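These notes concern the structure reproduced below.
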Amino acid sequence: MAFGKYKEVMALKAKDAKVTGVAQDGGVVTSILCYALEQGVIDGALLAAKSDTPWLPKPVVATTKEEIIAAAGTKYTISPNMSAIKSAAREYALDKIAIVGTPCQIYAARKMQLYPFGARHIADKIALTVGIFCTENFSYAGLKTVIEDHCKVPIESVTKMEIGKGKFSVKGAKDVAIPIKETHKYEQDGCHVCSDLTAEFADISTGSIGTPDGWSTCFTRTTKGSDLMKKALAAGLFEKKEMAEFAAPMGLAMLEKLETGKKDKAKKTVADRTALGLFTTPGIVY
Amino acid sequence: MAKPKIAYVHLSGCTGCLVSLADTYEKLLDILGAVDMVYNLTLADARDLPEGKIDISIVEGAVCLQDKHSVQLIKEAREKSGLVIALGGCAATGCVCNFSRGGQANQPQHESFVPINRLIKVDAYIPGCPPAPEVIYNFCIAAVTGDTQYLAPFMAQNVGGYHCGCDLQVNVVQNSLCMGCGTCASSCPTRAIEMEFGRPSFNNIRCVKCGACTAACPRMFLPVAEIQKKLMV
């Protein structure tokens, strides 16, 4: 089945101007986290926030609405959010932790819930998983190379980065867009065995693919995710549209095309590496 | 159905794994209620392994090669048991016992402490120092209920044997499988792993070689069917 198991799929756009002003697309992650915090569903969230180095994210434990909003927006490089989960449970003494992450980070959180080898009294504190659509990621040096050598702007001058419509674009002191295929060689190779574009194991997953600018495609996948989203919609957090409004080749047709591409690439990568006699992750292709 | 006969064999370990088993709070009663604990120096009143067959021996601690009693005990446990489980780093990977060089009071001749698979065949490994209470609980319940799908990763050779942070470097980073999630860092009991630019960076002096990071890494094994069945509801 395309997009993994899910309960509902919809197009969403946050209404809160504080969120839409800073969000990458529809502001779904930021809004739903703020709402979950308000409602007591969570008491904190693991997020990729800004660090002192331009566009190098660092994992943070956010416990206020302000901290959640401050971490909004996509950073196209690695933020090891799972590395902060022990700190969230111990130092911050959180009981209901939300994890926001790429599909691979959701894999990690889910595996930790079932096989918590070194996570004493931590995995049971995971209250919500919010997955972000992901095609692949860059190392920090890879991202910097794309921006400084290909887009030819200093990384610190950039205020927003986007991938869409076949382009990698940066906005800031100077707006530049380059063909996405120029960036492919800087993708981290560990992404190429991954079959999951839509965060198939999150409670809620969301991303820009399939919806117009300023909107996000959003799946609810578990009862927990679905109930929270229903309450958030009833509370008027989002403008909502049916995905059927976006006809092929946009909408779910586009998402499915990219997803199939990612799954095929993963199968091929795993087969190639196995043929070379290299270890690949059991279970990663499904 | 008769309850499985369980022996808890304590070799050279700190009892932390048994404490972790007990740290499941009231769930400990689920485990104790589901089994017949025939031997456990700390929890049961029996000095020796019982006569006859045992279903499962759970082994905590490394085996000291200079201690004849330990060598004999682990051999005897293997002979009598249907399954032998290496619980925790010392039994599974050698853990901190890997560093022993002997020459310490009050048994200075006790020099070498090795993971139990150096002497016997091991059926399943639960790495970690100690393994988290929840993973011990999940393992025990799966073993009693025959949940073989859940148990499969514990049976794989690559979670047992000598392990340290370097195994992540060799198996995951060198095979370009790492994507920088940071699970290894939060799984490390000694905080020997820090994430630097999206990759684990090991402090070799801190690493106790418990194997938790390697076992926890979602790129070492990914239990997709288990996640779908147990969590996506």
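The values are calculated or read from the model by the stated rules, or taken from the named source; none is laboratory data. Because the structure is a prediction, the values reported are computed rather than measured. All Cβ positions, even for glycine, are placed from backbone atoms using ideal geometry, and neighbour counts span all protein chains on display.
Looking only at region B:200-220, count every residue that is over 17 Å from the mean Cα position of the chain (by Cα) and at the interface with another protein chain (Cβ under 8 Å from one of its Cβ atoms) and tell me the total. Adding up the residues that qualify gives 2.
Residue count for region A:8-24, restricted to those that are assigned to a loop (DSSP other than H, G, I, E, B) and either buried (at least 17 other Cβ atoms within 10 Å of the Cβ) or of a type in the set (Asp, Glu) (or both): 3.
Would you call B:Ile116 under 11 Å from the mean Cα position of the chain (by Cα) and away from chain A (no Cβ under 14 Å)? Spelling it out, B:Ile116 is indeed under 11 Å from the mean Cα position of the chain (by Cα) and away from chain A (no Cβ under 14 Å).
Quick grid of which residues meet (1) facing another protein chain (nearest Cβ under 7 Å); (2) crowded, with 24+ Cβ neighbours inside 10 Å:
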| position | (1), (2) |
| --- | --- |
| A:Gly73 | no, no |
| A:Ser87 | no, no |
| A:Ile99 | no, yes |
| A:Cys104 | yes, yes |
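For region B:29-65, filtering for residues that are free of Cβ contacts under 8 Å to residues at least 12 places away in the same chain and within 20 Å of the chain's Cα centre (by Cα) leaves 1. Is it the case that region A:136-145 has a residue that's more than 11 Å from chain B (Cβ to nearest Cβ), of a type in the set (Phe, Trp, Tyr), outside any helix (DSSP H, G or I) and more than 21 Å from A:Gly283 (Cα to Cα)? So far as region A:136-145 goes, no, none of its residues is more than 11 Å from chain B (Cβ to nearest Cβ), of a type in the set (Phe, Trp, Tyr), outside any helix (DSSP H, G or I) and more than 21 Å from A:Gly283 (Cα to Cα). Within region A:38-71, being in a loop (DSSP other than H, G, I, E, B), surrounded by fewer than 21 Cβ atoms within 10 Å (Cβ to Cβ) and among the small types (Gly, Ala, Ser) holds for A:Gly40, A:Ser51. All told, A:Ala62 falls short of being under 15 Å from the mean Cα position of the chain (by Cα) and among the aliphatic types (A, V, I, L, M).
Just one of the listed residues (B:Ala7, B:Ala22, B:Ala86) is under 19 Å from B:Val144 (Cβ atoms), within 14 Å of chain A (Cβ to nearest Cβ) and modelled with pLDDT of 95 or more, and it is B:Ala86. Scan region A:73-96 and give yes if some residue there is in contact with a helix residue (DSSP H, G or I) (Cβ under 7 Å, 6 or more places away or on another chain) and aromatic (Phe, Trp, Tyr), otherwise no. Yes, there is a match, as at least one residue in region A:73-96 is in contact with a helix residue (DSSP H, G or I) (Cβ under 7 Å, 6 or more places away or on another chain) and aromatic (Phe, Trp, Tyr).
Give the residue that is farthest from A:Ala2 (Cα to Cα), with candidates limited to residues of region A:237-252 that are assigned to a helix (DSSP H, G or I) and touching a residue at least 12 places away in the same chain (Cβ under 8 Å). Checking each candidate, the answer is A:Glu245.
Exactly one condition in (1) outside any loop (DSSP other than H, G, I, E, B); (2) surrounded by 16 or more Cβ atoms within 10 Å (Cβ to Cβ) is not met by B:Leu49; state its number. (1) is the only condition that B:Leu49 fails.
Of the residues examined, B:Gly160 is not one that is surrounded by fewer than 16 Cβ atoms within 10 Å (Cβ to Cβ), out of contact with any Asp or Glu (no Cβ under 6 Å at 6 or more places or on another chain), under 25 Å from B:Ile116 (Cα atoms) and more than 7 Å from chain A (Cβ to nearest Cβ).
Can you name the condition, by its number, that B:Glu196 falls short on among (1) more than 8 Å from chain A (Cβ to nearest Cβ); (2) touching a residue at least 24 places away in the same chain (Cβ under 8 Å); (3) at negative phi? The single condition B:Glu196 does not satisfy is (2).
With respect to the conditions (1) closer than 27 Å to A:Ile122 by Cβ; (2) more than 15 Å from the chain's Cα centre (by Cα); (3) hydrophobic (A, V, I, L, M, F, W, C), B:Ala105 falls short on a single one, namely (1). In the set B:Ala92, B:Ala2, B:Ala22, only one residue is surrounded by fewer than 18 Cβ atoms within 10 Å (Cβ to Cβ) and either under 24 Å from B:Pro153 (Cα atoms) or among the β-branched types (Val, Ile, Thr) (or both); that residue is B:Ala22. For region A:208-220, does any single residue satisfy the condition of being over 27 Å from A:Asp16 (Cβ atoms) and either touching a residue at least 12 places away in the same chain (Cβ under 8 Å) or out of contact with any Asp or Glu (no Cβ under 9 Å at 6 or more places or on another chain) (or both)? No, every residue in region A:208-220 fails to be over 27 Å from A:Asp16 (Cβ atoms) and either touching a residue at least 12 places away in the same chain (Cβ under 8 Å) or out of contact with any Asp or Glu (no Cβ under 9 Å at 6 or more places or on another chain) (or both).
Return yes when A:Leu258 is free of Cβ contacts under 8 Å to residues at least 24 places away in the same chain and surrounded by fewer than 18 Cβ atoms within 10 Å (Cβ to Cβ) and no when it is not. No; evaluated as a whole, the condition is false for this residue.
Going through region B:163-191 one residue at a time, which ones are within 7 Å of chain A (Cβ to nearest Cβ) and within 17 Å of the chain's Cα centre (by Cα)? Passing the criteria: B:Ser187, B:Cys188, B:Pro189.
Residues in region B:79-88 that are buried (at least 18 other Cβ atoms within 10 Å of the Cβ) and assigned to a helix (DSSP H, G or I): B:Lys80 only.
The number of residues in region A:220-248 that are exposed (fewer than 14 other Cβ atoms within 10 Å of the Cβ) and either within 12 Å of chain B (Cβ to nearest Cβ) or under 19 Å from A:Leu37 (Cβ atoms) (or both) comes to 5. Residues in region B:146-166 that are over 16 Å from B:Gly82 (Cβ atoms) and at pLDDT 90 or above: B:Asp147, B:Gln149, B:Tyr150, B:Ala152, B:Pro153.
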